[in-house]
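In what follows, a structure is listed as structure tokens, so that the remarks can point back to it.
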Amino acid sequence: MQSGDLSNCQMGNHQLVLDEQIGLVCKVCSYVHLEIKYIFPSFAQRTRGRYERKHLGQSPSLLDVGGFRFSDSSAVQDPMINEEGTVWDLVPSSAKSTMYPHQRGGFEFMWKNVAGDINLERLRQPLSDSKGGCIISHPPGTGKTRLTIVFLQSYLKLFPKSRPVIIAPSSLLLNWEAEFQKWEVDIPFHNLNSKDFSLQEDEATVSVFRCLPHAGKRNPHLIRMVKLGSWVKGKSVLGISYDLFRILTGDDGDGYAKPIREILLKYPGLLVLEEGHTARNEQSLVWKALKKSVQSLLQKWASLSSSIDKNARALEELRDIISPLVHKCSENVKKVSLPGIRDTVIHLKPTDLQKELLRRIPENPSSFYEQNLVSLISVHPSLVAKRKEFSDLESQLTERGCRLDPDTGVKMKFVVELIRLCGGRKERVIIFSQLLDPLNLIKEQLNSLFGWTLGREILYMDGKLDVKQRQISINSLNDPKSDVKVLLASIKACSEGISLIGASRVVLLDVLWNPSVEQQAISRAYRNGQTKFVHVYCPVTSKWEVDKIEQQTRKKYHSDVLLSRDHEAKMDPSCSVSEDNILESMVEHEGLRHIFEKLSHAPRVVPSTTCLDSSNQPPKPSS
């Protein structure tokens, strides 16, 4: 033994080696850094591009994976608190004071439907077979994530071994992480999709990982095992995307995939499904827990939903099935904390070139291809320059002078002027579109006209954007000190879950068939935390687009009627209305007034009705 080596040991700089009987020990002084029970089993040499692991014995009640002993989750319903009172006693006072009335109602609804009661004494009794799940159908932007986090905090206090899992679109997992941090939640959130550690993982587990060779540290399965081990060991929440859940729980997995599959299917005691998706493996315990609450509804849906328009009795029956499972509340809950919203349909006059191109397409286009052509032409004629239907005009449409001239397309003209005027008044704009070509053209024109650059004044988000870069863009838009003027966003990639409250003007470049997708998009800006009045613009240039809006209204009406008997409810006349000085100045401007045909400020969708089980007063926590 070298004296220098011993001195290093005395300073805590040990030379660690793996002893398969003892664990991670110092070869100089025999210091035990980590016991063998916390160590991953040894790994074979790299073979055909992947690592193989040695499988240990398993039993139905105990799974040993990577050195972790994963105990069965069958005991998750053993309450750990012996106090009297209600579930409100499990909620921090700071959280209770910041919850809105609809969130308080939803909180009690979740406890009653998931666990059976809100009284702590009754929660120690066996759960009825009729309980086990619910649906929170609150409008976008009303704090469902916040409500869920408060519920999880209280649930884990009573059932610390329940191991909750949140399954969400991958793009929203970072949002869940941010919300856990924002509300200073004392429960770790492990994002299984992330290749980085959150610094909330189990310390002993991470120590093992750090002792692996460099090549091993790049293995995503090992990173996931660290997160899974931390989740199973401690009171925490696991987040995973639908796609990754489907891949990891598939039947064709091998190597690491098999133990991960076992863990994901057997150990969750509580499941949260963001955006209403469901786990589809009918053999998993997760699915069995789900279908108790939704199977009867799904079986009757097909036979009843087709006759909603014709059969009022069928509608009533379907509503009775849904009501016990669904906590529903209206868009009106946003009026409690938000300045307000105004929705304007803007009828624009197409240019002569646009009229010529539109005449070559049926007035009521039936195919998606034809409908997309109408949408593209309505924005700017150059967007269809390469389409065969307009080959005789290709040279004219591809000229730089045409492509970069906003005056050639009426929607483009409206959008460019709106962005310019809003920028001068320190207001930010979101442009939503189903199609990416119009967004890219807007980006080109803003750069050509104003010298704005991507990443500074202009932000762009579509489904291909890396999730980290996406979060950077979101933070930049919401930062009042940034230079951002406009966000160009794919409605498919950005219409759900994220907060874009840094913008107060929203443009829906094309009309959608699904009113809920449109509502989701609008609610990126019109949501809790917004400090400005929100203006929504839907520019239209053709009869076909107007007809689509009317169809939207009918769809939204049927959805509201299904979830409430009070379907005769009218729009609250006291709804906040704000003068739109920017739009007014555009309509009155001598150089712009010719593009406007008319404006419609009437609501385009039938308003949702009030909460099924709430009152106008905040529900008081039971005592």
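Yes or no, residue by residue, for (1) of a type in the set (Gly, Ala, Ser); (2) touching a helix residue (DSSP H, G or I) at 6+ places or on another chain (Cβ under 8 Å); (3) part of a loop (DSSP other than H, G, I, E, B):
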| position | (1), (2), (3) |
| --- | --- |
| ASP483 | no, no, yes |
| LEU487 | no, yes, no |
| VAL507 | no, yes, no |
| LEU512 | no, yes, yes |
| GLN520 | no, no, no |
| TYR526 | no, yes, yes |
| GLN530 | no, no, yes |
| PRO539 | no, yes, no |
Can you name the number of the only condition in (1) among the basic types (Lys, Arg); (2) farther than 28 Å from LYS492 by Cα; (3) not assigned by TED's automatic domain parsing to the domain that holds CYS494 that LYS386 fails? (2)
Listed by first then second residue, the pairs whose first member lies in the range 392-407 and is more than 19 Å from ARG360 (Cα to Cα), whose partner is of a type in the set (Ser, Thr, Tyr) and surrounded by 14 or more Cβ atoms within 10 Å (Cβ to Cβ), with beta carbons under 6 Å and at least 6 positions apart or on separate chains, are CYS402/SER382; CYS402/THR408; ARG403/SER382; LEU404/SER448
Consider HIS347 carefully, then state whether it is under 20 Å from THR541 (Cα atoms), in contact with a Leu (Cβ under 8 Å, 6 or more places away or on another chain) and assigned by TED's automatic domain parsing to the domain that holds SER523. yes
Which residue is farthest from VAL511 (Cα to Cα), if the candidates are limited to the range 332-378 and must be of a type in the set (Lys, Arg) and crowded, with 16+ Cβ neighbours inside 10 Å? LYS334
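Determine whether LEU500 is over 21 Å from PRO139 (Cβ atoms) and at pLDDT 90 or above. It would help to see each step written out before you state the result.
On the way: over 21 Å from PRO139 (Cβ atoms): no; at pLDDT 90 or above: yes.
No.
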State all residues of the range 450-474 that are in a helix (DSSP H, G or I), in contact with a helix residue (DSSP H, G or I) (Cβ under 7 Å, 6 or more places away or on another chain) and either surrounded by fewer than 14 Cβ atoms within 10 Å (Cβ to Cβ) or aliphatic (A, V, I, L, M) (or both); if no residue qualifies, say none. VAL467
Selection from the range 139-171 of residues over 30 Å from GLY340 (Cα atoms) and hydrophobic (A, V, I, L, M, F, W, C) yields LEU152, LEU156, LEU158, PHE159, VAL165, ILE166, ILE167
Tell me, please, whether a residue that is surrounded by fewer than 18 Cβ atoms within 10 Å (Cβ to Cβ), of a type in the set (Val, Ile, Thr) and in a strand (DSSP E or B) can be found in the range 387-405. no
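Which of the residues that make up the range 398-427 are among the charged types (D, E, K, R), out of contact with any strand residue (DSSP E or B) (no Cβ under 7 Å at 6 or more places or on another chain) and under 29 Å from THR531 (Cβ atoms)? Explain how you work it out, then say what you get.
Keep residues of the range 398-427 that are among the charged types (D, E, K, R), which gives 399-400, 403, 405, 407, 411, 413, 417, 420, 425-427.
Next cut, out of contact with any strand residue (DSSP E or B) (no Cβ under 7 Å at 6 or more places or on another chain) only: 399-400, 403, 405, 407, 413, 417, 420, 425-426.
Scanning the range 398-427 gives GLU417, ARG420, ARG425, LYS426.
Looking at the structure I just gave you, is HIS558 modelled with pLDDT under 95 and within 25 Å of HIS102 (Cα to Cα)? Can you show your working first?
On the way: modelled with pLDDT under 95: yes; within 25 Å of HIS102 (Cα to Cα): yes.
Yes.
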Checking the structure you have, find out if any residue of the range 351-368 is under 30 Å from LYS144 (Cβ atoms) and modelled with pLDDT of 80 or more. no
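The values are calculated or read from the model by the stated rules, or taken from the named source; none is laboratory data. No experiment lies behind these values; they were computed from the predicted model shown. Virtual Cβ from ideal backbone geometry, glycine too; neighbours counted across all protein chains shown.
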